[in-house]
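Asks: Before I ask anything, let me first share the structure, which is written out below as structure tokens.
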């Protein structure tokens with residue numbers, strides 16, 4: 001057995017005879033290069049300014065304050081997500097909490113509320129002239145705690161990103177081998193001691209993975225801090241790029257700083273990923289449920305409070321707008337929705353086509369180049385949308401003026417951002433197809449391309465469709481690139497919401513916002529269906 | 001397990017180690033029953049385990065053996081009955097000592113080594129009441145005992161199956177439990193390793209001098225490692241005894257057919273003989289048959305090594321060969337007798353007999369045979 005393992009590893013290192021052809025490698029490489037263009041554009045722009053100039057800006061401007069603000073926000077959001085997500089996961093997986101299935105769904109659902117819509121509804125409800133203030137004014141309450149700034153931003157981000165921690169912790173708890181707890185108990189450890197010494201170390205990688213996802217989200221989210229008026233990188237880049245008075249190169253400097261912080265988070269994440277493999281446990285017996293007793297009531301109150309804040313408030317406020325606005329809800333023009341559909345469909349089509357060679361190559365090749373191209377397409381995922389948009393603005397002013405703020409450039413931004421979703425689903429479908437099937441087709445006289453068309457493609461079609469659907473749905477709700485790259489006068493659902501928010505006419509935003517929540521919910525359904533399909 | 005209206009001189013095989021002395025009993029189960037809803041997993045189990053012995057609960061899957069083990073460990077609570085460990089009641093109508101306070105060690109089927117801890121840390125896990133030096137010393141002793149010195153710094157996923165089992169043994173022996181439980185200890189090992197580890201585990205247990213209860217569905221494993229075997233079926237004990245006694249003289253039809261490739265030969269008890277379709281034999285052939293019972297119908301237990309098939313003419317034949325089974329070192333011929341019974345005959349090398357050939361069957365056993373009242 002050991003011998004065959006060694007042989008397999010040797011084959012991995014040198015690449016076996018079944019390596020895919022050169023043409024596929026070239027195609028995959030071209031796609032990877034294409035989608036990493038924005039990053040190149042940003043670096044070119046920064047080098048044009050000269051790094052000396054940028055270093056000077058670092059101290060002259062308030063960019064260090066922005067850095068501090070961003071780090072503070074990330075710290076509180078990450079901490080908050082762990083404090084909300086981990087207890088919820090433990091309660092719903094390992095205790096006798098009444099209605100565990102219900103609370104599991106409730107705890108995961110806030111993911112379907114785009115955080116900027118969440119922030120929008122929170123400002124509307126709890127802002128200085130919001131619904132709560134209006135309701136309290138007759139009672140003589142004149143001031144309520146300000147929702148703007150760090151507190152509000154952190155609160156909203158925690159409420160809509162803790163599900164990352166909840167879901168990864170839950171997965172870790174579910175895959176955790178309960179026999180280990182029994183082993184600890186027969187080795188003279190109480191339930192609590194066994195939890196501390198066995199369960200906690202085992203679920204720690206899961207918790208950390210979720211926390212890093214939340215940190216990355218907090219770092220790259222543009223809508224929430226903008227609505228909550230908190231000066232972090234994303235918000236400042238957007239403002240600086242639109243203002244005339246800022247020093248030249250300031251947005252580029254902020255972007256570079258943001259990317260550096262993102263790189264640190266990603267580096268941490270990849271180290272966690274490596275450690276993961278040795279934590280796989282084989283047993284499947286679930287540990288006995290913890291009896292809550294009287295703790296049941298505080299636990300239920302906690303679950304309910306999280307549910308009310310993260311689901312009740314946004315959905316309630318949207319329904320309230322809808323109710324209040326009367327006929328005004330139909331003010332927005334259908335062309336806005338049509339525009340959204342058009343660009344999303346274009347992005348989905350382009351991303352699926354580009355994903356095929358990358359995913360096919362990554363799934364079938366073990367070479368370093370395949371890994372590299374696969375990872376490169378993920379660059380757009382890691383780079384915050386604001387930075388992608390800024391880089392594309394630079395790129396178009398520098399090289400292709402005719403593309404500046406055109407629909408093709410906008411679609412390109414979406415493809416850069418969301419190609420990884422398509423690559424991910426397509427690659428896992430390709431991995432499901434037994435390579436022997438294509439070998440069989442080849443021995444039956446098909447060319448490599450013919451075998452792909454007649455055998456592989458029909459088998460991976462559901463995965464390709466799922467990837468396209470995901471790109472379509474996430475494009476529909478993308479905010480910063482839409483705001484920064486849309487042609488003048490080109491309105492989508494997202495930019496329309498942004499516009500009426502500025503104008504304060506909330507009722508007009510009700511329908512578009514509800515549509516976007518529905519769109520997010522649909523993308524969750526696609527992801528879950530895909531997981532089941534692959535599982 | 002009682003043989004209904006027929007009695008024998010020695011229905012209960014005397015324990016070869018002599019009568020049980022209460023003083024050297026470590027573990028005692030009295031009327032232990034476990035129900036899950038309306039399902040009864042274990043029913044009215046009474047059993048005692050002696051100091052230093054290795055007792056194996058043997059039975060098919062679903063017979064309640066693992067449930068029994070988990071009740072012994074304190075991981076399940078009996079619905080009825082009393083479990084006493086070292087003269088102390090650990091489970092009863094009003095008492096229940098939790099797993100962590102019971103002084104019971106367990107080796108799990110999949111070993112359940114803590115993947116985030118090294119081999120040393122795994123073995124030291126239960127040593128919470130000693131200082132570091134004493135714990136270190138104990139860990140070293142145990143790694144020596146399981147023949148893995150110098151491997152303490154490895155992590156469990158760097159170990160082979162056999163090594164993982166050694167570590168699991170060392171870990172559960174470390175806190176010096178009153179009793180060690182082994183749950184299907186060899187089922188996660190491949191066949192060759194299994195035979196090697198059987199002897200190794202027995203050596204380690206005997207060297208440690210620990211009292212142990214193991215459960216398995218593998219009869220060969222049970223017979224080869226145990227001091228005593230308890231055969232379980234459907235939540236009840238069928239027979240307890242040393243391996244030879246249980247194998248040679250099964251007290252019930254279930255035990256007989258569960259152990260070895262059993263066949264049954266219909267026979268009629270005469271005044272001086274026992275008449276079967278392959279011949280008449282002296283009454284002494286049947287083990288412990290009391291006087292009388294002339295005319296009774298019985299089933300006689302015959303294993304493949306008790307019978308031999310001989311080519312014969314149609315007229316002299318007792319039956320025909322219906323199947324030829326090659327096991328490597330030997331052949332087993334399945335012979336359908338004229339009365340419809342199917343028996344198996346063991347041959348050490350290939351005979352020139354094919355399926356469908358008429359054969360005579362000879363009884364070559366040099367020991368008395370077990371028998372059971374005719375069914376139906």
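The values are calculated or read from the model by the stated rules, or taken from the named source; none is laboratory data. Nothing here was measured: the structure is a model prediction, and the numbers come from that model. Virtual Cβ from ideal backbone geometry, glycine too; neighbours counted across all protein chains shown.
Asks: Any chance you could count how many residues in segment B:163-209 are surrounded by 20 or more Cβ atoms within 10 Å (Cβ to Cβ) and either within 19 Å of the chain's Cα centre (by Cα) or not assigned by TED's automatic domain parsing to the domain that holds residue B:122 (or both)?
Replies: Residues meeting the conditions: 11.
Asks: For segment A:140-148, state whether one or more residues are in a helix (DSSP H, G or I) and either surrounded by 17 or more Cβ atoms within 10 Å (Cβ to Cβ) or at pLDDT below 90 (or both). Let's see the steps before the verdict.
Replies: Here is the first cut: in segment A:140-148, the residues in a helix (DSSP H, G or I) are none.
No - not one qualifying residue is present in segment A:140-148.
Asks: Which is crowded, with 19+ Cβ neighbours inside 10 Å, outside any loop (DSSP other than H, G, I, E, B) and out of contact with any strand residue (DSSP E or B) (no Cβ under 6 Å at 6 or more places or on another chain), of B:76, B:100, B:121, B:137? Spell out the reasoning first.
Replies: Values: B:76 fails: outside any loop (DSSP other than H, G, I, E, B); B:121 fails: crowded, with 19+ Cβ neighbours inside 10 Å; B:137 fails: crowded, with 19+ Cβ neighbours inside 10 Å.
Just one listed residue meets the conditions, B:100.
Asks: Quick test for you: out of B:52, B:31, pick the one residue that is at pLDDT 90 or above, in a loop (DSSP other than H, G, I, E, B), under 22 Å from the mean Cα position of the chain (by Cα) and surrounded by fewer than 20 Cβ atoms within 10 Å (Cβ to Cβ).
Replies: Numbers: B:31 fails: in a loop (DSSP other than H, G, I, E, B).
Answer to the selection: B:52.
Asks: If you check A:183, A:252, A:211, A:215, which single one turns out to be within 14 Å of another protein chain (Cβ to nearest Cβ), in a helix (DSSP H, G or I) and either crowded, with 24+ Cβ neighbours inside 10 Å or touching a strand residue (DSSP E or B) at 6+ places or on another chain (Cβ under 7 Å) (or both)?
Replies: On the way: A:252 fails: within 14 Å of another protein chain (Cβ to nearest Cβ); A:211 fails: within 14 Å of another protein chain (Cβ to nearest Cβ); A:215 fails: within 14 Å of another protein chain (Cβ to nearest Cβ).
Result: A:183 is the single residue among A:183, A:252, A:211, A:215 that is within 14 Å of another protein chain (Cβ to nearest Cβ), in a helix (DSSP H, G or I) and either crowded, with 24+ Cβ neighbours inside 10 Å or touching a strand residue (DSSP E or B) at 6+ places or on another chain (Cβ under 7 Å) (or both).
Asks: So, of the residues in segment B:104-116 that are farther than 23 Å from residue B:202 by Cβ and in contact (Cβ under 8 Å) with a residue 12 or more places away in the chain, which turns out to be surrounded by the most Cβ atoms within 10 Å (Cβ to Cβ)?
Replies: Among those residues, the one meeting the criterion is B:114.
Asks: Could you please give the count of residues in segment A:186-201 that are within 7 Å of another protein chain (Cβ to nearest Cβ) and either buried (at least 21 other Cβ atoms within 10 Å of the Cβ) or farther than 21 Å from residue A:85 by Cα (or both)? Spell out the reasoning first.
Replies: Restricting attention to segment A:186-201, the residues satisfying the condition of being within 7 Å of another protein chain (Cβ to nearest Cβ) are A:186-190, A:198, A:201.
Cutting the leftovers down to either buried (at least 21 other Cβ atoms within 10 Å of the Cβ) or farther than 21 Å from residue A:85 by Cα (or both) gives us A:186-190, A:198.
Counting residues in segment A:186-201 that are within 7 Å of another protein chain (Cβ to nearest Cβ) and either buried (at least 21 other Cβ atoms within 10 Å of the Cβ) or farther than 21 Å from residue A:85 by Cα (or both) gives 6.
Asks: Separate question: Given the condition surrounded by fewer than 19 Cβ atoms within 10 Å (Cβ to Cβ) and either within 14 Å of chain B (Cβ to nearest Cβ) or more than 17 Å from the chain's Cα centre (by Cα) (or both), answer yes or no: does some residue in segment A:232-242 qualify?
Replies: Taking segment A:232-242 and keeping what is surrounded by fewer than 19 Cβ atoms within 10 Å (Cβ to Cβ), we get A:239, A:242.
With the extra rule that they be either within 14 Å of chain B (Cβ to nearest Cβ) or more than 17 Å from the chain's Cα centre (by Cα) (or both), the set shrinks to A:239, A:242.
Checked against the condition, which is being surrounded by fewer than 19 Cβ atoms within 10 Å (Cβ to Cβ) and either within 14 Å of chain B (Cβ to nearest Cβ) or more than 17 Å from the chain's Cα centre (by Cα) (or both), segment A:232-242 yields at least one hit.
Asks: Search segment B:103-118 for residues being under 15 Å from residue B:166 (Cβ atoms) and in a strand (DSSP E or B), and hand back the single one that is nearest to the other protein chains (Cβ to nearest Cβ).
Replies: B:105
Asks: Of the numbered conditions (1) in a loop (DSSP other than H, G, I, E, B); (2) without any contact (Cβ under 8 Å) to a residue 40 or more places away in the chain, residue B:60 satisfies every one except a single condition; which is it?
Replies: (2)
Asks: Sticking with this structure for a sec: From the set of residues in segment B:282-307 that are at positive phi and in contact (Cβ under 8 Å) with a residue 60 or more places away in the chain, which is surrounded by the most Cβ atoms within 10 Å (Cβ to Cβ)?
Replies: Going residue by residue through segment B:282-307, those that are at positive phi are B:288, B:292-293, B:295.
Filter once more, keeping what is in contact (Cβ under 8 Å) with a residue 60 or more places away in the chain: B:288, B:293.
Details: B:288: 14, B:293: 18.
Looking at the filtered set, the residue picked out is B:293.
Asks: Taking the stated definitions as given, is residue B:269 farther than 30 Å from residue B:201 by Cα and in contact with a strand residue (DSSP E or B) (Cβ under 8 Å, 6 or more places away or on another chain)?
Replies: On the way: farther than 30 Å from residue B:201 by Cα: yes; in contact with a strand residue (DSSP E or B) (Cβ under 8 Å, 6 or more places away or on another chain): yes.
Spelling it out, residue B:269 is indeed farther than 30 Å from residue B:201 by Cα and in contact with a strand residue (DSSP E or B) (Cβ under 8 Å, 6 or more places away or on another chain).
Asks: Look at residue A:423 and say whether it is in contact (Cβ under 8 Å) with a residue 40 or more places away in the chain, part of a helix (DSSP H, G or I), buried (at least 24 other Cβ atoms within 10 Å of the Cβ) and on the phi < 0 side of the Ramachandran plot. Can you show your working first?
Replies: On the way: in contact (Cβ under 8 Å) with a residue 40 or more places away in the chain: yes; part of a helix (DSSP H, G or I): yes; buried (at least 24 other Cβ atoms within 10 Å of the Cβ): yes; on the phi < 0 side of the Ramachandran plot: yes.
The answer is yes for residue A:423.
Asks: Could I ask something else about it? Being assigned to a loop (DSSP other than H, G, I, E, B) and away from chain A (no Cβ under 14 Å): is that true of residue B:94 here? First the steps, then the outcome.
Replies: Numbers: assigned to a loop (DSSP other than H, G, I, E, B): yes; away from chain A (no Cβ under 14 Å): yes.
Yes, satisfied.
Asks: For segment A:282-316, which residues satisfy the criterion of being modelled with pLDDT under 90 and either on the phi > 0 side of the Ramachandran plot or within 28 Å of the chain's Cα centre (by Cα) (or both)?
Replies: Result: A:293, single match.
Asks: Can you tell me which condition residue B:127 does not meet? The list is (1) at the interface with chain A (Cβ under 10 Å from one of its Cβ atoms); (2) within 29 Å of residue B:193 (Cα to Cα); (3) surrounded by 16 or more Cβ atoms within 10 Å (Cβ to Cβ), and all the others hold.
Replies: Against the list (1) at the interface with chain A (Cβ under 10 Å from one of its Cβ atoms); (2) within 29 Å of residue B:193 (Cα to Cα); (3) surrounded by 16 or more Cβ atoms within 10 Å (Cβ to Cβ), residue B:127 comes up short only on (2).
Asks: Is it true that residue A:430 is modelled with pLDDT of 85 or more and either assigned by TED's automatic domain parsing to the domain that holds residue A:361 or surrounded by 20 or more Cβ atoms within 10 Å (Cβ to Cβ) (or both)? Walk me through it before giving the result.
Replies: Values: modelled with pLDDT of 85 or more: yes; either assigned by TED's automatic domain parsing to the domain that holds residue A:361 or surrounded by 20 or more Cβ atoms within 10 Å (Cβ to Cβ) (or both): yes.
It is true that residue A:430 is modelled with pLDDT of 85 or more and either assigned by TED's automatic domain parsing to the domain that holds residue A:361 or surrounded by 20 or more Cβ atoms within 10 Å (Cβ to Cβ) (or both).
Asks: Tell me whether segment A:435-448 contains one or more residues that are surrounded by 19 or more Cβ atoms within 10 Å (Cβ to Cβ), assigned by TED's automatic domain parsing to the domain that holds residue A:473, over 28 Å from residue A:263 (Cβ atoms) and free of Cβ contacts under 8 Å to residues at least 40 places away in the same chain. Walk me through it before giving the result.
Replies: Of segment A:435-448, the ones surrounded by 19 or more Cβ atoms within 10 Å (Cβ to Cβ) are A:438, A:441.
From what is left, the residues that are assigned by TED's automatic domain parsing to the domain that holds residue A:473 are A:438, A:441.
Among the residues that remain, those that are also over 28 Å from residue A:263 (Cβ atoms) are: A:438, A:441.
Filter again for free of Cβ contacts under 8 Å to residues at least 40 places away in the same chain, leaving A:438, A:441.
Yes: segment A:435-448 contains one or more residues that are surrounded by 19 or more Cβ atoms within 10 Å (Cβ to Cβ), assigned by TED's automatic domain parsing to the domain that holds residue A:473, over 28 Å from residue A:263 (Cβ atoms) and free of Cβ contacts under 8 Å to residues at least 40 places away in the same chain.
Asks: In the list B:205, B:193, which residue meets the criterion of being in contact with a helix residue (DSSP H, G or I) (Cβ under 6 Å, 6 or more places away or on another chain) and assigned to a helix (DSSP H, G or I)? Talk me through it step by step, then tell me what you get.
Replies: On the way: B:205 fails: in contact with a helix residue (DSSP H, G or I) (Cβ under 6 Å, 6 or more places away or on another chain).
Checking each option against the conditions leaves just B:193.
Asks: If you don't mind, another one. So which residues in segment B:70-91 are closer than 13 Å to residue B:179 by Cβ and within 14 Å of chain A (Cβ to nearest Cβ), if there are any at all?
Replies: B:71, B:72, B:73, B:74, B:85, B:90
Asks: Out of B:172, B:214, B:224, which single residue is more than 14 Å from chain A (Cβ to nearest Cβ) and part of a helix (DSSP H, G or I)? Spell out the reasoning first.
Replies: Working: B:172 fails: more than 14 Å from chain A (Cβ to nearest Cβ); B:214 fails: part of a helix (DSSP H, G or I).
Checking each option against the conditions leaves just B:224.
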